[in-house]
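Heads up, the thing below is written out as structure tokens.
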Amino acid sequence: MESRYTPKAIEDKWQQTWAELGLDQTSTDPNKPKFYALSMFPYPSGNLHMGHVRVYTIADVIARLKKMQGYRVLHPMGWDAFGLPAENAAIDRGIQPAEWTYQNVAQMQKQLQKLGTCFDWSREVTTCSPDYYRWTQWIFLQFYQAGLAYQKESAVNWDPVDQTVLANEQVDNEGRSWRSGAQVERKLLKQWFLKITDYAEQLLTDLDKLKGWPERVKLMQANWIGKSVGAYLEFPIVGSDEKIGVFTTRPDTVYGVTYVVLAPEHPLTARVTTSDRQEAVEAFAKEVAGQSELERTAEDKPKRGIPTGGKAINPFTGEEVPILIADYVLYEYGTGAVMGVPAHDVRDFKFATEKNLPIKTVIVPEGGDANAPLEAAYTEPGIMVNSGQFDGTPSIQGKEAIVKFAEAQGFGKARVQYRLRDWLISRQRYWGAPIPIIHCSQCGAVPVPDQDLPVRLPENVAFSGRGPSPLAQLEDWVNVPCPSCGTAAKRETDTMDTFIDSSWYFLRYPDANNDQQAFDPVITNDWMAVDQYVGGIEHAILHLLYSRFFTKVLRDRGLLNFDEPFERLLTQGMVQGLTYKNPTTGKYVTPNLVNAGDPRDPKTGETLEVFYEKMSKSKYNGVDPEAVLAKYGADTARMFILFKAPPEKDLEWDDADVEGQFRFLGRVWRLVSEFAEKGGDRTKKANLAELSKPEKDLRRAIHTAIQAVTEDFEGEYQFNTAVSELMKLSNALTDTTCKDSPIYVEGIQTLLLLLAPLAPHIADELWQGIGHTESIHLQAWPEADAAALVADEITIVIQILGKTRGSIQVPAGADKAAQEQYARESELAQRYIEGKEIKKVIVVPGKLVNFVVA
């Protein structure tokens, strides 16, 4: 073997043999327990970043460990390949989205292979492939047939530059598009929705089943679903037979309603507006329509509203109250109307104070004054006042009493409401899965027959970045006969939100090459649920929620036999880079222009802020994985990623620590190389009953490492402490005096076996370098021998007058009296107590002996 560790030569060699060794294939041995290891598949942008390196390294270690532990392991990879960036690339580069995407896929696949990942590439899925989106369309039709996919006109976030609908998450806090930077507008469009609200309660209650998920992720999902228990109340409109319906979680405050607010886009707005207010209301509604939802609902924005001139009747008091419209009320939320109770709602109090609207106290603390002026809204429970027959009722009981009264009188009822809204999936763009619906003037919306799937995206489409979706401009593609009656009809030109593609890909992997079904339920039910899912916290809400929704719907369609898709979830922390920023200008500075010892702006000379922040091109703090792999090799990169921080914590990139891991692997290389050069009988077994003390000590170190690393690899995946244990074992092997013993052979082999999931290339090279012909990754994971962990001796600290003077070894079975005797007779203690009066001896069994001398 080479005497020097040269990672490039090793890793280039082993890249060629992974497939030959069967390491990227999935075992289907039915006698083995299954383990489905999955990391969130990436968008094929063309280049891996360090965040990718971290997530795929973590998942790869888990998959390799489980394979060595005797599981049949499924560890697949694919590409979340649809999306707007490919269309932007088509516009910028004059290249078709498909060509750009597949180039990036090929490039990133090579990068992942260089990282030493054991993905089963025979199961690769690419969501923009007709072989995949054919089944995405089929699944959409399953939703349609179940009554869970429908069209309606809806106010949407509209990007006037990219000419597409944006999700709320794609609009920044200034109301601008996440990609084009354009000011987002509100626009009414006929859109496709999936009825996720039908599953709101299941999605909420089944969170309790997810014992292997981080609590914060479950809380985020629960908050997003947003269950509220309250009442639906109706306020009659003066001079009309119509009523304004509102939902409230505080029906106990209904006697304090002093106004009602409609969303400007509410259909009732036009009907309640008086003629003298019509011009002002229309102008205000038009202005609000140009704002994004985030702008309208942001807490730090002033709430704006104007009166309509109309009035409603509080059915509990019979009083007339004004009807207003305001920007903070959205038609898509709840009923699109709210009752204003300024005395007991913070937002209403601020709004009423600014608009000089009445404020009426109806809840007070016990013993409080109902007539005392309010300086702020009182939002705590209390006693109902100014509330007619309910005066004196505790407000908590008052909620139920008010609802019963409203039900009896016919103007209200109890209701459970959710913050969650139906999922808008329409996108007015080309690079997505076409929605498989044909619109017929005679038959309405007609599903594309299964045998005609996939509805293929046409090729060689012209992209301008302006105007309607490119699909809408392709008459030959749009105009088709109706599948039901043959009448001239038109295809749906919207494509699906890319979250659709990622909501079921994990179901395809177990049966990825099936050209007859989306998946064979027998095969997919066998592998599911995913045993360990690894991915970023940024997907904690939408992707995971939608995946859970899809799973439940397909279960109800008889295709799946489980409730939840992901048994355990690991959300890895971000990779952060050292960042330099000018505190005055807010501009980031490239590190190579900065003197690290005295960081100053090269242009202004100002002292720079220095901190760690998520790696980003715009902050000049990124580290190119290709450069790291070229300099140190994949094994070093993996070891650093795993050692620097626990998986769920943020990781601060540090070149010195990367060097440290490179040096450690170099020490392992030298240690094993020296062992290999010595030769000798590697098969000789040790007589465990006749081991010398050095052999016992070494064997204890070996099996302590096995136990500790195994515990670290399971449970919370503390890979950082596992690497520390390997360093301890390496040191024990280096320092031992029994290098001719069979125990030393066991130690060398154990070190490599424990290292294998972390640093697969060097472990396999060294394994074969010491005479093995089969890959280390096909070996069984070592098991700790409990007997080897039991020490023959223990260490006792010697103290004189409470001051530690050293330590001695005593037999492990020595009792308290024996430990004191060994301490008295030790050479160490005699140096301090000989000839002196011992006034007292304090013994802490198994830990210390303290001599109190005169």
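Derivation of every value follows stated rules applied to the coordinates shown; laboratory data play no part. Just so you know, these numbers come straight off a predicted model, no measurement behind them. All Cβ positions, even for glycine, are placed from backbone atoms using ideal geometry, and neighbour counts span all protein chains on display.
Worth pointing out:
- Trypsin sites (Lys or Arg not before Pro) within the stretch 632-737, DSSP loop, no more than 12 other Cβ atoms inside 10 Å: LYS649, LYS684, LYS685
- Gap separating the Cα centres of the stretch 588-603 and the stretch 631-648, nearest whole Å: 27 Å
- Average projection area in nm² (convex hull over Cα atoms of the stretch 388-516, one quarter of hull surface): 15.9 nm²
- Space enclosed by the convex hull of the alpha-carbon atoms of the chain, per residue, Å³: 269 Å³
- Database remark: amide H of GLY806 closer than 5 angstrom to the amide H of ILE798 (H placed geometrically; neighbours at sequence offset of 5 or more, or on other chains; Pro and chain starts carry no H).
- Converting phi to 3J(HN,Hα) with the Karplus coefficients 6.51, -1.76 and 1.60 and the offset θ = phi - 60°, the stretch 579-596 yields 10, 10, 9, 7, x, 7, 8, x, 8, 8, 10, 5, x, 5, 9, 10, 7, 4 Hz in sequence order, with x at every glycine or proline.
- Length added when fully stretched, SER27-GLU793, from 0.36 nm per residue minus Cα-Cα: 271.2 nm
- Annotation for the stretch 95-200: GluC sites (Glu not before Pro) lying in DSSP loop with at most 12 further Cβ atoms inside 10 Å of their Cβ are GLU174.
- The calculated FRET efficiency for the pair VAL346 and ARG271, based on their C-beta separation and a Förster distance of 25 Å, comes to about 0.25.
- A Cβ-based charge dipole, computed about the Cα centre of the stretch 227-418 with Lys and Arg at +1 and Asp and Glu at -1, lands at about 240 debye.
- Relative contact order computed over the chain (Cα-Cα under 8 Å; 6+ residues apart), in percent: 13 percent
- Based on the reciprocal of the average 1/r between different C-alpha atoms, the Kirkwood radius for the stretch 526-659 equals 18.1 Å.
- Backbone N within the stretch 529-566 under 15 Å of label point (7 Å from ASP450 Cα along the Cβ vector): 557-560
- Among the listed pairs LYS644/LYS685; LYS67/LYS696; LYS631/LYS678; LYS728/LYS840; LYS13/LYS66; LYS617/LYS649, those whose Cα-Cα separation exceeds 28 Å are LYS644/LYS685; LYS67/LYS696; LYS631/LYS678; LYS728/LYS840.
- Set of the stretch 625-650 residues, backbone N closer than 12 Å to the point 7 Å along the Cα-Cβ line of GLN15: 626, 629-630, 633-634
- The distance linking the stretch 445-518 with the stretch 768-820 is 65 Å (Cα centroid to Cα centroid, whole angstrom).
- Within the stretch 384-471, the trypsin sites (Lys or Arg not before Pro) that combine a DSSP coil assignment with at most 10 other C-beta atoms in a 10 angstrom radius are ARG466.
- Note on the stretch 793-853: Cα convex hull, mean projected area over all directions, 3.4 nm².
- Between SER464 and GLU677, the C-beta separation translates, for a Förster distance of 56 Å, into a calculated FRET efficiency of about 0.25.
- Gain on full stretching of the segment that runs from ASP740 to LYS684 - 0.36 nm per residue minus C-alpha separation: 19.1 nm
- Estimated FRET transfer efficiency when R0 is 41 angstrom, pair MET220-ILE396 (beta carbons, to 0.05): 0.90
- If a spin label sat at a point 7 angstrom from the Cα of LYS728 along the line to its beta carbon, no backbone N atom of the stretch 652-686 would be nearer than 12 Å.
- With each label modelled as a point 7 angstrom along the Cα→C-beta vector, the LYS631-ASN356 pair spans 6.9 nm.
- Inter-probe distance in nm under a simple model that places probes 7 Å from Cα toward Cβ, at ARG667 and GLU242: 7.9 nm
- Per-selection metrics, the stretch 227-418 (Cα): Rg and Dmax in Å: 16.2, 48
- Distance histogram in 10 Å bins (all Cα pairs of the stretch 269-325, percent per bin): 22, 40, 30, 8
- Amide H to amide H, with H built 1.01 Å from N, GLY78 comes under 5 Å of VAL125, counting only residues 5 or more places away or on other chains.
- The slack in the chain from ILE838 to LYS404, taken as 0.36 nm per residue of separation less the alpha-carbon distance, amounts to 147.9 nm.
- For the chain, DSSP calls about 75 percent of its internal beta bridges antiparallel.
- Near the amide H of ARG429, within less than 5 Å, lie the amide hydrogens of THR495, all on another chain or at least 5 residues away, with H placed in the peptide plane.
- For the chain, the longest principal axis of the Cα atoms and the long axis of helix 719-735 meet at an angle of about 10 degrees.
- Here the label points at TYR150 and ALA488, each 7 Å from Cα along the C-beta direction, are separated by 3.2 nm in the simple model.
- Centroid-to-centroid separation of the stretch 58-119 and the stretch 279-342 [C-alpha atoms, Å]: 48 Å
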